[in-house]
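The values are calculated or read from the model by the stated rules, or taken from the named source; none is laboratory data. As the structure is a prediction and not an experimental result, all values here were calculated from the model. Backbone-built Cβ (ideal geometry, glycine too); neighbour counts: all protein chains shown. Accessible surface is based on the protein model in full, side chains and every heavy atom, while ligands, DNA and RNA are left aside. Shrake-Rupley method; radii C 1.70, N 1.55, O 1.52, S 1.80 Å.
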Amino acid sequence: MVIQRWQSVMLLISGIMMGIFSFMNLGVIQAADYTFNVGALGIFREGIATEGGEPTGISTIYLFIDSVLAMLLPLVGIFCFKNMKLQKNIIYISMLTIVTSAALLTFKASQFAGDLQAADGVNWSVFVGAPLVALIADIVAIRLINSDIKRLRAADRLR
């Protein structure tokens with residue numbers, strides 16, 4: 001019996017999407033005097049600060065670590081195809097890290113925009129949707145793994 005490995009493709013898509021989320025600019029906060037770029041590594045001011053009292057931004061290394069972990073777990077899960085239970089557990093942990101990454105980014109960026117009293121809030125880029133695509137790919141991968149398990153059990157019953 002040949003098992004289709006489409007879950008590997010879904011896990012690759014999930015890893016690529018979280019890689020994009022980890023390393024791309026995810027939004028912009030336009031304050032009265034400054035513009036800040038929002039990313040997984042932090043919220044940093046564009047340009048060079050000329051005075052010491054000017055806001056420079058915040059570092060969110062914990063968000064970056066969480067998003068890189070969410071990128072690596074599906075890629076590790078691709079190579080656990082011989083142990084489907086372990087593969088499913090890795091994907092569940094990946095889904096948890098994806099949700100926490102998206103929630104942390106939304107919370108920190110909104111909080112920072114509120115502290116600056118930015119009129120528009122955060123202007124998100126299209127890359128902020130990458131965790132949603134990654135989460136959907138992980139859910140589809142779980143469903144495909146479950147269908148493979150059913151096929152293997154059916155084939156074992158026939159033997």
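Observations on the structure shown:
- Taking the 1.4 Å solvent-accessible surface of the stretch 53-158 as the whole, the part contributed by carbon and sulfur is 67%.
- Placing +1 on each Lys and Arg Cβ and -1 on each Asp and Glu Cβ, with no other charges, gives the stretch 55-153 a dipole about its Cα centre of roughly 800 debye.
- Table column - 3J(HN,Hα) (Hz), the stretch 95-104, Karplus curve with 6.51, -1.76, 1.60, x for Gly and Pro: 4, 5, 5, 5, 5, 5, 4, 5, 5, 4
- In the chain, helical runs assigned H by DSSP with n ≥ 4 each contribute -39500 (n - 2.57); averaged across all residues and rounded to the nearest 500, the mean residue ellipticity at 222 nm is -22000 deg cm²/dmol.
- Computed from Cα atoms, the angle from the helix 61-78 axis to the main principal axis of the chain rounds to 20 degrees.
- Remark: the stretch 14-105 carries a charge dipole of roughly 760 debye about the Cα centre, counting +1 on each Lys and Arg Cβ and -1 on each Asp and Glu Cβ.
- Environment charge of I13, counting only residues whose C-beta is closer than 15 Å and scoring Lys/Arg +1, Asp/Glu -1: +1
- In order along the stretch 136-143, the Karplus-derived 3J(HN,Hα) couplings, from 6.51 cos²θ - 1.76 cosθ + 1.60 at θ = phi - 60°, round to 5, 5, 5, 5, 5, 4, 4, 5 Hz, and Gly and Pro are given as x.
- Percent of Cα-Cα distances greater than 19 Å, calculated over the chain: 58 percent
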